[in-house]
Structure formats: C-alpha cells, structure tokens
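Everything below concerns the one structure shown next.
The values are calculated or read from the model by the stated rules, or taken from the named source; none is laboratory data. Predicted, not measured: the structure shown is a model, and the values here were computed from it. Glycine gets a Cβ as well: all are built from the backbone with ideal geometry, and neighbour counts include every protein chain shown. Side chains are part of the model used for accessible areas, which takes the heavy atoms of the whole protein and leaves out ligands, DNA and RNA. Shrake-Rupley method; radii C 1.70, N 1.55, O 1.52, S 1.80 Å.
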Amino acid sequence: MKKHNFYAGPSILPEFTKEKTAEAALNFAGTGLSVMEVSHRSKEFVAVMDEAQALVKELLKVPDGYAVLFLQGGASTQFLMAPYNLMDKKAAYLNTGAWSKKAIKEAHFFGEVVEVASSADTVYNYIPKGYTVPSDVSYFHYTSNNTIYGTQIPTPNVDVPLVADMSSDIFSRPLDVSKYDLIYAGAQKNLGPSGATLVIVKEEALGKIDRPIPTMLDYRTHINAGSMFNTPATLPVFACLQTLRWLKENGGVEAMEKKNIEKAKVLYDEIDRNKLFKCTVDAVEDHSLMNVTFVMTPEFAEFEKEFLEYATSKGMLGIKGHRSVGGFRASIYNAMPVESIQALVDTMREFENLK
Ligand SMILES: *Cc1c(COP(=O)(O)O)cnc(C)c1O
C-alpha cells in the first residue's frame, strides 16, 4: 500500500533528495567514499557548502550584505543566539504558539521582552492583529508558521528590523529578506533531515551590542569561517543542497507558493464540506498552507480514535494532532504531492459514508 507522509517534522522530502543522498551515502562525488566519511574541508564538500549557500541566496533573492549559514543545534538554539547577538536592552515578541513561547523564554535571559500580543487565551487558534511594536526595541520577533496550531503570518508591517523563526515555512513562498535582520529555520520541516539549521543574517546588524558572546554562539564566528568554524552536519547539508536544487528545478519559491495554495485548498475545502470535521483555526486568512489542523465536530467527537485508526489503515501516516490541540494535523510541506492530499480527502469521505 502507498504510504502518505503527513508527519510534522522530520517530514516528507522530495524523492530527488532521498535518491541523491542515498547515492552519496555510498559514493560521494566520485570519491568512492561516503559523504559521511570525507573531510568537510575536502574540495568536494566545500563545493556542497558553497552551492547550498549560493542557492539559498538565489531562491530567496537575498540582497548583498547578508550571510547564509548552516549551523547545528536546531531552531531551539537560535532562540538564544538571536537575542545574544542582536538584542541591546529590549526586544519585542509576538506570542503565537509553543515555539514563540520558547523563543520568548530565552530572550528573557538578555533583557526586557515586550510581548506585543498573544493568542494563548484560545490555544493559539488565531493570529493577533492590531498590536503596536514599540520603536525603541532592537527587533521584532515572530514565528512565521505555527507548526502545532496551523496558523501562518505574512511579513508584518512594522518599523523595526524583523527576526523570524521560519522553520516550517521557509521556501514555501517568496520573501522580502531586506526587512529582516535574521531568519532561521531548522531544516527538518521543509528542507532536509534534522541536524542542520539554516540562518540568514544581516551582517551590518551584528557587533552592535556590548555583551561578550561565547565563540560558538557568535554569528560572526561562523560568517568568518564560511559556516565551517567547526565540523558542519555534512550529510544533512548535502541533503539540503539536493532539496535546493529540486526547488530551483521546480520553479523556485514562486511556483511553490502557487502549488501550496492549490494543495491546501483541496484539504480545507473538504474539512468545510465534511460533516464530521472542522478546522481548529476559524479565520481563513490565518490558515497555514503547511500544517492543516482539524478536529471532529462535537456531534462526532467520539469517533476521533476510530478515524485515526481508519486513516492509518489506509496509509495516512502522521496525522495525529499535537497533544495540546488534539484531533488531527496534516503537514503538507513543499514536497507533498497533491495526490497524497487527495488520498486523505478520499479517506475522509469514505469515513463520512460509514457514519
Ligand atoms: C520544529 C520547530 C522548531 C524546533 O526546531 P528544532 O530544530 O527541533 O529546535 C522551532 N520552531 C518551529 C516553528 C518549528 O516548527
């Protein structure tokens, strides 16, 4: 039976990425050695790092003056590296979910945190609007896509530099990088395996604060060393490069956005139509195109477990919702084909017919 991968992360990758990485696991760039066994300073691996950085710049039209890094420690380490390097006395944060909350917790180690708005009151099922960002903050931090709660945010229109956690929607749509001092993303949602973290940082924004920064946590260390200060996660970076090549081959982020809008519509329309299900996010403009969260309607609440088992038996993997939301979550990242979404929709219809 065909398996359809709806896991939130680690999650679905293009076949191209998996095939090329599998080949390189045995024979990397004609070396006769695995990509896991060659020096990160070899000319073959340096070429991988260089091309990956160049493709990130090309795909996102990154302006001059920004550095692209592949670090380790996940987005979770960026929660503290961001304020360590960029926060003078004060920074503003938007609280739209568990990941925002974790970022806010780390920022408190470095100064005053202004939480401009929060949707914690209703389990983060909407994006707060109409908030004010103070003008005397070092930056405004937000989570562009809330992986757990199924909400997504367009680039906010504020007068201070932006810092964003884009772990679960990077490369899913075009972006004006010039509005940001820092963008970061754990690779394992839309780019590659876990182990690599993509960082795009404005070089001019660094070196402006007085606090001493430990070497490994200072972005300048990694910029000066071409993202090779210490051993990078060589196999994950190799896999990320394959996804970047696949993105370019398939029309880049503009084409991805178009496809993602079409794909998500298939599932949101069915949730709307089907009497068994309802979306956890009411405002259509807040709907994530990457993670679709839904629950059983109150009349059919008792069938939640049964639907999960039914869907699993039909090859739908990873659709159990996060424990804080319950219900279901279908993660439909860039690599997810519309056929898999259609298969989930068919399963929802079949189950409705059984009730
Ligand atoms: C998964 C996720 C994280 C955590 O990433 P790690 O790489 O595990 O630290 C942070 N933010 C968002 C939005 C995520 O989806």
Roughly how many whole Å is it from the C-alpha centroid of segment 1-66 to that of segment 272-310? 35
Please list, in chain and number order, the residues 5+ apart from residue 90 or on another chain whose amide H is under 5 Å from its amide H, with Hs placed from the backbone. 112, 138
Accessible area of residue 324 in the full protein assembly, 1.4 Å probe (Å², nearest 10): 50
The Cα radius of gyration of the chain, divided by 2.2 N^0.38 Å with N its residue count, comes to 1.01
Expressed as a whole percentage, what fraction of the accessible surface of segment 135-266 belongs to carbon and sulfur atoms when a 1.4 Å probe is rolled over the protein heavy atoms? 49
Per-residue HN-Hα couplings for segment 312-319, Karplus 6.51 cos²θ - 1.76 cosθ + 1.60 at θ = phi - 60°, whole Hz, x for Gly and Pro? 4, 5, 9, x, 8, 9, x, 8
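At R0 = 35 Å, how high is the FRET efficiency between residue 51 and residue 339 if r is their beta carbon distance? Nearest 0.05 is fine.
0.70
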Return the sequence-ordered ³J(HN,Hα) values of segment 218-229 in whole Hz as given by the Karplus equation 6.51 cos²θ - 1.76 cosθ + 1.60 applied to θ = phi - 60°, using x for Gly and Pro. 9, 4, 5, 4, 6, 5, 5, 9, x, 6, 10, 4
Where N is the number of residues in segment 235-355, Cα Rg divided by 2.2 N^0.38 Å: 1.15
